[in-house]
Amino acid sequence: MISLSTTAPHALLSELKKAIDEKKITTWSHKNGYFTHTPDQWRAKAWLLPAVVGSELRFGIIHPQGMAITTEIYAIYHGRFIEMMLAHFDKKLSSGWASALPTTQDKIRAT
């Protein structure tokens, strides 16, 4: 799970979607409430599902239908998503972190 601390989690989620739609962020896409990494090597290998919990914007990682999430995919999606958020929204965050192992918010199939 990814957790981003912010004073306005709903607004941050809206701004993230807008930045993707306006092509200010080109390495991530969103559809039907889910986010995925877009470079060919990682495209649709996992999905991130946002949820607002208090002052946190959380993203659980979800496996694609019929596929498992490897440790490498788990690491790439978490690391690159946090990197993108810091690059584009650093002033809107007070902290961001990723769990080392899946949490109850994540839905993965182990390899």
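Read-outs: derived from the displayed coordinates by stated rules, not from any lab. Keep in mind it's a predicted model, so treat the numbers as computed, not measured. Backbone-built Cβ (ideal geometry, glycine too); neighbour counts: all protein chains shown.
When the residues of region 1-33 are filtered to those that are in contact with a helix residue (DSSP H, G or I) (Cβ under 9 Å, 6 or more places away or on another chain) and in a loop (DSSP other than H, G, I, E, B), the one that is farthest from ARG43 (Cα to Cα) is THR7. Scanning region 4-38 for residues that are surrounded by 14 or more Cβ atoms within 10 Å (Cβ to Cβ), under 15 Å from SER94 (Cα atoms) and out of contact with any Pro (no Cβ under 9 Å at 6 or more places or on another chain) gives LEU4, SER5, THR6, LEU12.
Pairs meeting the criteria (first residue in region 17-36 and in contact (Cβ under 8 Å) with a residue 60 or more places away in the chain, second residue of a type in the set (A, V, I, L, M) and in a helix (DSSP H, G or I), beta carbons under 8 Å, at least 6 apart or on different chains) are ILE25/LEU16; ILE25/ALA19; ILE25/MET84. Residues of region 60-73 that are surrounded by 14 or more Cβ atoms within 10 Å (Cβ to Cβ) and either basic (Lys, Arg) or within 11 Å of LYS107 (Cα to Cα) (or both): GLY60, ILE61, ILE62, HIS63, PRO64, ILE69. For region 72-110, a tally of residues being without any contact (Cβ under 8 Å) to a residue 12 or more places away in the chain and either over 17 Å from THR7 (Cβ atoms) or of a type in the set (Phe, Trp, Tyr) (or both) returns 7. Scanning region 39-59 for residues that are surrounded by fewer than 12 Cβ atoms within 10 Å (Cβ to Cβ) and in contact with a strand residue (DSSP E or B) (Cβ under 7 Å, 6 or more places away or on another chain) yields one hit, ARG43.
Residues checked against (1) part of a helix (DSSP H, G or I); (2) under 14 Å from the mean Cα position of the chain (by Cα):
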position	(1), (2)
ARG58	no, yes
GLY66	no, no
ILE69	no, no
GLY79	yes, yes
